[in-house]
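Trainee: If you scroll down you'll find the structure; I have some questions about it.
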Amino acid sequence: MEGRIRMKLRVIGAGAMGMLLTAKLAISGAEAELVTRTSEQALLIREQGLRMNAYAAPGNFADESGRVAEADIHVYPAALSFDEAAAAASVANPAELPDVVLLMVKQTAITDDMLAVLSRQLKPSARLVCFQNGIGHMERLRRHIPAARLLTAVTTEGARRLSPRHVAHTGVGITWLGAEEAIHTTENDQALVKKIQNMLSHAGFSTSVSNDITSKVWNKLMINAVINPLTAVLQVPNGLLLELPAAKALMRSLYEEGRMLAERLGIELAPDLWEQLENVCRLTSGNHSSMLQDVQARRPTEAGAITGGLLHKARETGVPMPVHETMEQLIRSIEQQWEL
Ligand SMILES: NC(=O)C1=CN([C@@H]2O[C@H](COP(=O)(O)OP(=O)(O)OC[C@H]3O[C@@H](n4cnc5c(N)ncnc54)[C@H](OP(=O)(O)O)[C@@H]3O)[C@@H](O)[C@H]2O)C=CC1
Ligand SMILES: CC(C)(CO)C(=O)C(=O)O
C-alpha cells in the first residue's frame with residue numbers, strides 16, 4: 001500500500017496512551033516495540049501480552065461503570081525497559097535503531113536526565129513524535145535533540161490504563177501532526193511526516209498533518225487548562241462543571257484569560273473554542289479528568305505544563321492571569337500536602 005513502507009517504531013511509555021498506540025499499531029501489522037519504565041512491566045508484557053478494550057459508540061467516552069466492550073484484543077509486542085533500551089542502543093548498529101519514536105510519557109517524566117539518555121538512542125534520521133498535553137516540553141527537548149528531528153502530535157483520543165498490561169480505548173478522537181518550527185520543508189521531511197500519518201491512520205487513528213500545529217496545541221491546552229485544574233480542585237467529573245453556576249463562571253474566567261494571552265502571542269484559537277469546551281464536558285461528563293485522577297492517586301500532576309505553561313508565557317508577555325495563578329497555587333497546595 002502506498003506510503004506503508006516498513007518502519008521500525010518504538011513507543012516510549014506503557015501507560016494509557018502508550019499501550020493504546022502500541023496495541024493498535026500492532027493490530028495494524030506495524031512493527032512497534034514498547035518501552036516501559038520498569039523491567040517488571042516489560043517482562044509482564046512480553047510474557048502475557050497487552051490487552052485492549054475498545055468500546056462501542058465511537059466519539060463517546062466510556063463511563064465509570066464500564067460499558068460492554070466492543071472488542072477485547074490481545075497482542076504480543078516486543079517490550080523492554082528504558083534502561084534496557086539505552087544499554088542496547090549503546091552497542092547497536094544504527095540500522096537496528098527505530099526510525100520513529102513515539103514519546104508517550106507524561107510531561108513530569110521529561111527531565112533533562114531522561115532526555116540525555118533518550119537522545120543517545122536516536123539515530124540521526126529518526127523522528128521523535130511527542131504526544132504530551134501542555135507546553136514547555138518541546139523547549140526542553142530542543143536542548144537535547146535537534147529541532148529538525150522533533151514532531152508534535154496533538155490528540156483528542158482517550159485512553160485509560162486498567163492494569164500494567166491492560167488499556168481501555170475510552171474515546172475516539174482526532175490526531176494532528178506537525179512541526180512547531182518551520183523546518184520540515186524538504187521533500188524528504190514531508191514524505192516522512194506523511195508516512196507517519198499513514199501509519200497512524202492505518203492503525204485506526206484519524207490523523208491529519210497541520211501547518212499550524214501551535215494553534216492545535218493551544219486549543220487543546222486551553223481545554224485542559226480550563227477543565228483539569230477545576231475538576232481536580234473541586235473533585236468532580238467533567239460534566240458537573242457545567243451544572244454548577246459558580247464553577248461555570250470560573251471556567252469562563254479561565255477561558256477569557258487564556259484567550260487574551262493567545263491573542264497577545266498571535267496564536268490563533270478556534271472561534272468556537274468555548275462551545276468546544278462545553279462539548280468536551282458533555283461528551284466526557286462522567287469522566288474524571290487526568291488531573292483529578294492524578295490527584296486521587298497522589299501522583300504529580302501535569303499542572304506545571306498546563307496552567308504553569310500558560311503562566312510562564314503570561315509572565316514573559318505581561319498579560320495578567322489571576323484566576324490561573326489561583327488555580328496553580330491550589331493544585332500546588334494539594335501536591336505539597338503529600339510531602340508533609
Ligand atoms: N490518557 C489520555 O487519554 C490522553 C493523554 N494525553 C497525554 O499523553 C501523555 C501520556 O498520558 P497517559 O498515557 O495518560 O499517561 P500515563 O501516566 O498513563 O502513562 C505514562 C507512562 O510513562 C511511563 N514512563 C515514565 N517515565 C518513563 C521512562 N523514562 N521510560 C519509559 N516509560 C516511562 C510511566 O511509567 P510508570 O507508570 O511505571 O511510572 C507510565 O506508564 C500525557 O502528556 C497526557 O497528557 C493526551 C491525550 C489523551
Ligand atoms: C479533555 C479532558 C479534560 C478529558 O477528561 C482531558 O484531556 C484530560 O482529562 O486530560
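Trainee: Find the residue count for the stretch 99-153, including only residues that are charged (D, E, K, R), buried (at least 18 other Cβ atoms within 10 Å of the Cβ) and more than 16 Å from ligand 2 (Cβ to nearest atom).
Mentor: The first filter runs over the stretch 99-153 and keeps only residues charged (D, E, K, R), leaving 99, 106, 112-113, 120, 123, 127, 139-140, 142-143, 149.
Applying the additional criterion that residues be buried (at least 18 other Cβ atoms within 10 Å of the Cβ) yields 99, 106, 127, 149.
Then keep just the ones that are more than 16 Å from ligand 2 (Cβ to nearest atom); that gives 99, 127, 149.
Summing the residues that are charged (D, E, K, R), buried (at least 18 other Cβ atoms within 10 Å of the Cβ) and more than 16 Å from ligand 2 (Cβ to nearest atom) in the stretch 99-153 gives 3.
Trainee: With respect to the numbered conditions (1) at pLDDT 90 or above; (2) within 16 Å of ligand 2 (Cβ to nearest atom); (3) not aliphatic (A, V, I, L, M), which one is the sole condition not fulfilled by G59?
Mentor: (1)
Trainee: Just one of (1) part of a helix (DSSP H, G or I); (2) buried (at least 17 other Cβ atoms within 10 Å of the Cβ) trips up R332, so point out which.
Mentor: Of everything listed in (1) part of a helix (DSSP H, G or I); (2) buried (at least 17 other Cβ atoms within 10 Å of the Cβ), R332 misses just condition (2).
Trainee: Any idea which residue in the stretch 225-246 is nearest to E268 (Cα to Cα), counting only those that are within 16 Å of ligand 1 (Cβ to nearest atom) and outside any helix (DSSP H, G or I)? Give the derivation first.
Mentor: Our first condition is that a residue be within 16 Å of ligand 1 (Cβ to nearest atom); within the stretch 225-246, this holds for 225-229, 231-232, 237-238.
With the extra rule that they be outside any helix (DSSP H, G or I), the set shrinks to 237-238.
Details: P237: 29, N238: 25 Å.
This residue is N238.
Trainee: Here's something else I'd like to know. In contact (Cβ under 8 Å) with a residue 24 or more places away in the chain, within 16 Å of ligand 2 (Cβ to nearest atom), surrounded by 15 or more Cβ atoms within 10 Å (Cβ to Cβ) and not basic (K, R) - does that describe any residue in the stretch 311-323?
Mentor: Checked against the condition, which is being in contact (Cβ under 8 Å) with a residue 24 or more places away in the chain, within 16 Å of ligand 2 (Cβ to nearest atom), surrounded by 15 or more Cβ atoms within 10 Å (Cβ to Cβ) and not basic (K, R), the stretch 311-323 yields no hits at all.
Trainee: If I filter the stretch 138-146 for residues that are under 26 Å from M52 (Cβ atoms), at pLDDT 95 or above and either more than 16 Å from the chain's Cα centre (by Cα) or within 13 Å of ligand 1 (Cβ to nearest atom) (or both), do I get at least one hit? Before you say what the answer is, go through the steps one by one.
Mentor: Initially, the stretch 138-146 is screened for residues under 26 Å from M52 (Cβ atoms), giving none.
Within the stretch 138-146, not a single residue is under 26 Å from M52 (Cβ atoms), at pLDDT 95 or above and either more than 16 Å from the chain's Cα centre (by Cα) or within 13 Å of ligand 1 (Cβ to nearest atom) (or both).
Trainee: Being closer than 10 Å to I227 by Cα and not aliphatic (A, V, I, L, M) is the filter; apply it to the stretch 272-287 and report the residue that is surrounded by the most Cβ atoms within 10 Å (Cβ to Cβ). Step through it out loud before you land on a result.
Mentor: Keep residues of the stretch 272-287 that are closer than 10 Å to I227 by Cα, which gives 277-278, 280-281.
Add one more test, that the residue is not aliphatic (A, V, I, L, M), and what stays is 278, 281.
Values: E278: 15, C281: 24.
Taking the candidates together, the pick is C281.
Trainee: Just need a number here: residues in the stretch 71-105 that are hydroxyl-bearing (S, T, Y) and modelled with pLDDT under 95. I'd like the intermediate steps shown before the answer.
Mentor: Of all residues in the stretch 71-105, those hydroxyl-bearing (S, T, Y) come to 76, 81, 90.
Subset that is modelled with pLDDT under 95: 90.
Final tally of qualifying residues: 1.
Trainee: Determine if the stretch 22-29 includes at least one residue that is out of contact with any Leu (no Cβ under 6 Å at 6 or more places or on another chain), part of a loop (DSSP other than H, G, I, E, B) and at pLDDT below 90.
Mentor: No, because not a single residue in the stretch 22-29 is out of contact with any Leu (no Cβ under 6 Å at 6 or more places or on another chain), part of a loop (DSSP other than H, G, I, E, B) and at pLDDT below 90.
Trainee: Filter the stretch 288-310 down to the residues that are buried (at least 21 other Cβ atoms within 10 Å of the Cβ) and among the charged types (D, E, K, R), then identify the one that is nearest to ligand 2 (Cβ to nearest atom).
Mentor: Top of the filtered list is E302.
Trainee: Any idea which of (1) assigned to a helix (DSSP H, G or I); (2) without any contact (Cβ under 8 Å) to a residue 24 or more places away in the chain is the one P271 doesn't satisfy?
Mentor: Among (1) assigned to a helix (DSSP H, G or I); (2) without any contact (Cβ under 8 Å) to a residue 24 or more places away in the chain, P271 violates only (1).
Trainee: Report those strands (runs of 3 or more DSSP E) wholly inside the stretch 61-179 carrying at least 2 residues which are touching a residue at least 40 places away in the same chain (Cβ under 8 Å) and touching an Asp or Glu at 6+ places or on another chain (Cβ under 8 Å). Reasoning before the result, please.
Mentor: Numbers: elements: 69-75, 78-81, 100-103, 127-130, 150-155, 158-163, 166-171, 174-178.
The qualifying strands (runs of 3 or more DSSP E) are 78-81, 166-171.
Trainee: Please determine whether any residue of the stretch 163-171 is more than 19 Å from R282 (Cβ to Cβ), exposed (fewer than 15 other Cβ atoms within 10 Å of the Cβ) and among the charged types (D, E, K, R).
Mentor: Residues of the stretch 163-171 that are more than 19 Å from R282 (Cβ to Cβ), as a first pass: 163-169.
Remaining after also requiring exposed (fewer than 15 other Cβ atoms within 10 Å of the Cβ): 163.
In the following step, the residues that additionally are among the charged types (D, E, K, R) were identified as none.
Within the stretch 163-171, not a single residue is more than 19 Å from R282 (Cβ to Cβ), exposed (fewer than 15 other Cβ atoms within 10 Å of the Cβ) and among the charged types (D, E, K, R).
Trainee: Out of the stretch 213-224, which residues are more than 12 Å from ligand 1 (Cβ to nearest atom) and buried (at least 24 other Cβ atoms within 10 Å of the Cβ)?
Mentor: W218, M222
Trainee: Across the stretch 251-271, what is the total count of residues that are surrounded by 17 or more Cβ atoms within 10 Å (Cβ to Cβ) and within 15 Å of ligand 2 (Cβ to nearest atom)?
Mentor: The total comes to 4.
The values are calculated or read from the model by the stated rules, or taken from the named source; none is laboratory data. Because the structure is predicted, anything quoted here is derived from the model rather than measured. Ideal geometry is used to build each Cβ from the backbone, glycine not excepted, and the neighbour counts take in all protein chains shown.
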